Amino acid sequence: MKGLERGAKNQFSTFSNFITTINQKKEGIGNRNSPTQLVIPNIKNVRDLPPICLDVRQKQRISIDTLPQELKAPVPPEPSLPIRTKTVKDFQDDVEKAKSSGDWKAVHDFYSTTFDSFLEINAAFKKDTNSPFNTIEDSGINAKFVNVVYDALLNTPQDVQKSVLKGIINGLLQEWKGPRTKDDLRAYCILLQNPQFSNTSTYVIYAHLLRQIAALTEADHHFLVHWSKKISQRRFKQLVDRLLQFISLRLFPAKPEEFPPMVKCTWWIPSATKVLALFNAANSLISPSVISYTDFYNSTLDHIDLMEEYHNWQCYGNSHRFSFCQYPFIISIAAKKVIIQRDSEQQMISIARQSLVDKVSRRQKPDMNMLFLNVKVRRTHLVSDSLDELARKKADLKKKLKVTFVGEAGLDMGGLTKEWFLLLIRQIFHPDYGMFTYHKDSHGALMGLAVYNSITLDIRFPPCCYKKLLSPPIVPCDHNTLVGICDVTLDDLFQIMPELAHGLSELLSYEGNVEEDFYSTFQVFQEEFGVIKSYNLKPNGDKIPVTNQNRKEYVQLYVDFLLNKSIYKQFAAFYYGFHSVCASYALLLLRPEEVEILVCGSPELDMSALQRSTQYEGYQKTDLTIRYFWDVVLGFSLDLQKKLLHFATGSDRVPVGGMADLNFKISKSETSTNWLPVAHTCFNQLCLPPYKNKKELKQKLIIGISNAEGFGLE
């Protein structure tokens with residue numbers, strides 16, 4: 001990111017300079033009592049904020065579990081709070097009176113007093129000023145009152161809004177010495193929710209607020225994270241969106257003159273990103289999460305130099321030099337795919353170059369084939385030939401893949417590679433083979449090859465498979481370290497063994513006497529090659545009865561046995577096979593859900609987007625047949641739309657880049673209109689005869705796509 005020397009200096013513009021500048025620009029604009037135009041108050045002799053050193057040397061993902069429930073750090077005594085008795089109803093009555101009379105004095109006094117200091121914020125919004133509220137479970141904030149006050153704020157006159165900002169500045173200018181009190185943390189939590197910070201004219205104040213929060217201790221962050229998860233979904237989303245907008249507009253300001261020069265506020269983006277990390281941590285603590293993990297994506301980052309970000313992160317890690325890769329939750333899956341693709345390409349070039357150097361150093365004549373992973377297979381022996389080739393050419397797995405079908409002419413420009421994957425996947429990942437029956441790492445290598453070569457596969461694995469593939473995301477140097485072991489839940493088991501999972505769920509909710517009625521122990525049985533074997537879930541498990549008191553432990557141990565321990569050897573081979581091709585620090589950026597999307601695409605279909613990006617051969621998009629086609633397709637049910645996509649491309653899912661990445665083409669077929677449509681799945685191409693009317697086209701298309709398996713495919 002050019003011009004952004006992140007973390008390099010600790011310079012920032014003074015509040016006084018900023019406020020003077022803004023006032024000069026805004027002077028004379030708008031009516032004093034107009035609620036529509038926000039003006040920053042002119043405060044004289046304002047001191048700089050005390051310098052705070054922002055430490056972005058955090059872990060890969062912010063850790064919550066490492067801290068105890070109640071932290072034993074020294075806590076400064078809470079100062080006594082002023083007595084404030086105004087209730088939600090009192091405040092609402094004051095606002096209604098002000099609207100009808102035009103006299104806003106009572107409202108103005110409330111806002112100016114409440115936001116004048118952190119103590120006053122607590123006096124107004126703390127549920128009980130006599131209680132400490134020093135636990136992570138209850139912030140002690142009267143959320144309803146906070147929401148009502150903020151909802152009314154943007155509709156008050158300008159002098160009221162200015163008084164709030166003036167008070168916030170006063171609070172932030174306090175000389176901080178020693179650790180923060182819980183009242184301070186409450187004030188930060190409340191101030192973050194101020195809707196005024198959606199306005200770019202408040203960004204300097206907002207930035208300093210974010211800076212102070214980002215610089216809090218990990219123990220204080222622990223409280224803020226747990227308190228934040230109690231915020232309502234709508235307001236939680238607003239807070240996240242506000243932080244994302246702040247980052248976007250600092251990166252690409254619509255009016256650069258609104259902000260201080262970038263070199264003087266290099267800490268803005270790191271501060272905002274670290275605060276955003278607190279909300280991401282809060283979101284991950286709840287199941288289901290407050291908002292989707294995709295709501296933390298900032299698509300603006302798709303337009304920066306992502307490889308510079310990635311290389312900075314690789315070179316400097318989580319040191320003082322900031323990189324968005326330290327906070328991967330903010331990077332969209334599309335951007336991550338770009339990083340992974342380019343990282344793969346660089347690895348391919350590096351490996352090919354090394355092969356060339358080795359060949360020349362041995363005084364051997366180089367040839368083009370040595371630069372590729374050349375896979376030669378017979379169609380009649382597709383699976384055995386393919387797996388043999390992968391096993392034999394392990395040293396070449398990181399080269400660019402090039403497929404040849406024996407006895408067939410043609411260069412692999414991508415189509416043959418896709419066809420090979422399609423045919424192979426249909427056979428070796430067929431549902432009849434079961435989920436964890438892999439006995440060779442070649443199967444994992446195949447999936448790794450697809451990701452490495454940017455091929456979307458038509459396979460469905462349970463979500464826990466992708467969790468296991470990232471456990472850990474980087475292959476450990478110590479081969480004694482366990483791999484593919486992750487935290488699994490009953491929800492994971494539901495995806496694979498729904499009947500067993502349902503039975504275990506019934507056990508957990510059973511209201512009778514579990515020990516007497518179920519007569520189970522911590523011993524389970526499993527059939528292996530026709531032989532029933534017993535396994536103890538814990539030492540002497542066969543002698544420990546399952547009771548109402550220990551049934552949760554029993555279920556957790558059983559699920560762990562089924563999804564981790566019992567399949568360890570098979571999945572470890574799969575894990576090592578996948579990482580033998582895909583080994584990359586870029587995997588540290590990915591969530592399990594994102595690995596799934598990279599492997600087999602997204603289930604979200606947008607046929608209108610497909611229509612906009614479709615190319616034509618022999619047809620114009622205005623031709624009657626094409627208009628009939630899109631009228632029919634856009635009117636299809638989701639099931640039929642998926643069948644069409646599968647018919648034409650070999651998968652009913654969409655690549656990470658969206659429909660446009662399919663390069664879908666409709667070609668004119670000069671055959672009789674009695675024929676059905678034909679698809680060339682290797683090239684995402686549909687050959688469509690010029691049907692005379694919409695009814696005929698719809699009928700033929702539905703027949704073709706509904707009988708696609710082994711029919712109409714080339």
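Please list, by residue number, everything in region 345-364 whose backbone N is under 13 Å from a paramagnetic label point 7 Å out along Cα→Cβ of I474.
Counting backbone N atoms under 13 Å from the label point, the list is empty.
What accessible area, in Å² to the nearest ten, does a 1.4 Å probe give for H311?
Number for this one is 70 Å².
Quick check on packing: order 156-169, 628-641 by the mean number of other C-beta atoms within 10 Å, highest mean leading. Numbers along the way, then the final one.
Working: 156-169: 21.0, 628-641: 15.4.
Highest-to-lowest ranking by the protection proxy: 156-169, 628-641.
How big is D, in µm² s⁻¹, for region 165-267 by Stokes-Einstein at 4 °C and 1.567 mPa s if Rh is the Kirkwood radius over C-alpha pairs?
On the way: Rh = 14.8 Å.
Roughly 88 µm²/s, to the nearest whole number.
Under a cut-off of 19 Å between alpha-carbon atoms, report the lysines in cross-link reach of K692, not counting same-chain residues fewer than 8 places apart.
K621, K668, K700
Ignoring ligands, DNA and RNA, what accessible area per residue does region 491-536 give at 1.4 Å, in Å²?
Working: 3330 Å² over 46 residues.
Using a 1.4 Å probe on heavy atoms only, each residue of region 491-536 averages 72 Å².
Under 5 Å between amide hydrogens, which residues at least 5 positions from Q523 or on another chain qualify, with H placed 1.01 Å from N in the peptide plane?
L537
Give the separation of the Cα centroids, region 121-149 to region 187-261, in Å.
So the separation of the two Cα centres works out to 20 Å.
Run through every distinct alpha carbon pair of region 238-370 and return the Kirkwood hydrodynamic radius in angstroms, one decimal place. Can you show the working numbers first?
On the way: mean 1/r = 0.0571 Å⁻¹.
The Cα-based Kirkwood calculation yields 17.5 Å.
For region 464-618, what's the relative contact order in percent, using C-alpha pairs closer than 8 Å and at least 6 residues apart? Could the numbers behind the result be given before it?
Numbers: 131 pairs, mean separation 46.3, N = 155.
In percent, rounded to a whole number, it is 30.
On average, how much accessible surface per residue is there in region 104-255, in Å², for a 1.4 Å probe, leaving out ligands, DNA and RNA? Please report the intermediate quantities before stating the final value.
Values: 5010 Å² over 152 residues.
Heavy-atom accessible area per residue stands at 33 Å².
How much FRET efficiency would the formula 1/(1 + (r/R0)^6) give for H502 and D109, where r is the Cβ-Cβ distance and R0 is 60 Å, rounded to 0.05?
Values: r = 60 Å, r/R0 = 1.01.
That pair, H502 with D109, gives E of 0.50.
Once you have the Cα-Cα distance between S350 and E516, take 0.36 nm times their residue separation minus that, and quote the gain in nm to one decimal.
Numbers: separation 166, 0.36 × 166 = 59.76 nm, distance 6.52 nm.
Taking S350 through E516 to full extension adds about 53.2 nm, to one decimal.
Counting only residues 5 or more places away or on other chains, whose amide H sits under 5 Å from the amide H of I291 once H atoms are built in the peptide plane?
For I291, no residues qualify.
Using protein chains only and a probe of 1.4 angstrom, how many square angstrom of H502 are accessible, to the nearest 10?
100
Can you order the peptides 140-152, 287-299, 326-338 by their average number of other Cβ atoms within 10 Å per residue, highest first? Before the final figure, lay out the partial values.
Details: 140-152: 17.6, 287-299: 15.4, 326-338: 21.9.
Packing proxy ranking, top to bottom: 326-338, 140-152, 287-299.
I'd like the distance separating the alpha-carbon centroids of region 550-610 and region 633-689, in whole Å.
29
List, in order, the whole-Hz ³J(HN,Hα) value for each residue of region 594-600 obtained from phi through the Karplus relation with A = 6.51, B = -1.76, C = 1.60 and θ = phi - 60°; use x for Gly and Pro.
So the J values, rounded to whole Hz, are 6, 4, 4, 5, 5, 6, 10.
Quick one: with all protein chains in place, what share of the accessible area of region 228-273 is carbon or sulfur, to the nearest percent (1.4 Å probe)?
Details: 1070 of 1900 Å².
Answer for region 228-273: carbon and sulfur cover 56 percent of the accessible area.
FRET efficiency for N155 and L81, Cβ-Cβ distance as r, R0 = 30 Å, nearest 0.05? It would help to have the intermediate numbers written out before the result.
Numbers: r = 28 Å, r/R0 = 0.94.
Efficiency at R0 = 30 Å is approximately 0.60.
With a 1.4 Å probe and every protein chain left in place, tell me how much accessible area D220 has, in Å² to the nearest 10.
Number for this one is 10 Å².
Roughly to the nearest percent, how much of the accessible area of region 568-612 is carbon and sulfur, given a 1.4 Å probe?
Working: 890 of 1670 Å².
The C+S portion of the solvent-accessible surface of region 568-612 is 53 percent.
Quick one: which residues, 5 or more positions from C687 or on another chain, have an amide H under 5 Å from its amide H? H modelled 1.01 Å from N in the peptide plane, none for Pro or chain starts.
Sorted by chain and number, the residues that satisfy this are S667, V678, A679, H680.
Using the heavy atoms of the protein chains and a 1.4 angstrom probe, tell me the accessible area per residue for region 302-388 in square angstrom.
Spelled out: the 1.4 Å probe surface of region 302-388, per residue, equals 53 Å².
Going highest first, how would you order 262-271, 105-114, 247-256 by mean Cβ packing within 10 Å?
On the way: 262-271: 21.2, 105-114: 18.0, 247-256: 13.9.
Put in order of decreasing packing, that is 262-271, 105-114, 247-256.
K237 versus K621, label points 7 Å from Cα toward the beta carbon: distance in nm?
Distance between label points: 3.1 nm.
Under the Karplus relation 6.51 cos²θ - 1.76 cosθ + 1.60, θ = phi - 60°, what is the ordered set of whole-Hz ³J(HN,Hα) values for region 144-158, x standing for Gly and Pro?
Along region 144-158, the couplings run 4, 5, 4, 4, 5, 5, 6, 5, 7, 4, 5, 9, 9, x, 4 Hz.
Report the full-extension gain for the segment L285 to A609: residue separation times 0.36 nm, less the Cα-Cα distance, to one decimal in nm. Before the final figure, lay out the partial values.
Numbers: separation 324, 0.36 × 324 = 116.64 nm, distance 3.51 nm.
Result: 113.1 nm gained on full extension.
Can you check how the C-alpha radius of gyration of region 623-708 compares to 2.2 N^0.38 Å, as a plain ratio?
Cα Rg divided by the expected 2.2 N^0.38 Å: 1.02.
Rg to Rh for region 594-664: what is it, with Cα atoms only and Rh by Kirkwood? Before the final figure, lay out the partial values.
Values: Rg = 12.6 Å, Rh = 12.8 Å.
A ratio of 0.98.
Which three extents, in whole angstrom, do the alpha-carbon atoms of region 537-663 cover along their principal axes, largest first?
Principal-axis extents of the Cα atoms in region 537-663, largest first: 76, 37, 22 Å.
In terms of Cα to Cα distance under 19 Å, which aspartates and glutamates are near enough to K229, apart from those fewer than 8 places away along the same chain?
Here the aspartates and glutamates satisfying the reach criterion relative to K229 are D65, E70, E137, D138, D183, D184, E218, D220, D241, D295.
In sequence order, what are the phi-derived ³J(HN,Hα) couplings for region 450-462 according to the Karplus relation 6.51 cos²θ - 1.76 cosθ + 1.60 with θ = phi - 60°, rounded to whole Hz, with x for glycine and proline?
4, 5, 4, 9, 6, 10, 8, 9, 8, 9, 10, 10, x
Tell me, what is the FRET efficiency for Y568 and Y316 to the nearest 0.05, using R0 = 35 angstrom and their Cβ-Cβ distance as r? Could the numbers behind the result be given before it?
Numbers: r = 36 Å, r/R0 = 1.03.
Efficiency, from the Cβ-Cβ distance: 0.45.
With the full set of protein chains in place, find how many percent of the accessible area of region 359-421 is carbon and sulfur; take the probe as 1.4 Å.
On the way: 2110 of 3780 Å².
Carbon and sulfur atoms account for 56 percent of the accessible area of region 359-421.
At a 1.4 Å probe radius, which order do W313, W104 fall into by accessible area, largest first? Don't jump to the answer; show the numbers that get you there.
On the way: W313 20, W104 45 Å².
Highest to lowest solvent-accessible surface, that is W104, W313.
What value does region 164-222 have for Rg/Rh, both radii from Cα atoms and Rh as Kirkwood defines it? Kindly include the intermediate steps, with their values, before the conclusion.
Numbers: Rg = 11.4 Å, Rh = 12.0 Å.
Dividing the radius of gyration by the Kirkwood radius yields 0.95.
Taking Cα pairs under 8 Å and at least six residues apart, what relative contact order does region 74-185 come out at, in percent? Let's see the in-between values first.
Details: 103 pairs, mean separation 43.5, N = 112.
Taking the mean separation of contacting Cα pairs over the length of region 74-185, I get 39 percent.
The values are calculated or read from the model by the stated rules, or taken from the named source; none is laboratory data. Owing to the predicted nature of the structure, the values given are computational and were not obtained by experimental measurement. Quick reminder, even Gly has a Cβ in these numbers, built from the backbone with ideal geometry, and neighbours come from all protein chains shown. Keep in mind that these areas ignore ligands, DNA and RNA; they rest on the heavy atoms of the full protein, side chains included. Shrake-Rupley method; radii C 1.70, N 1.55, O 1.52, S 1.80 Å.
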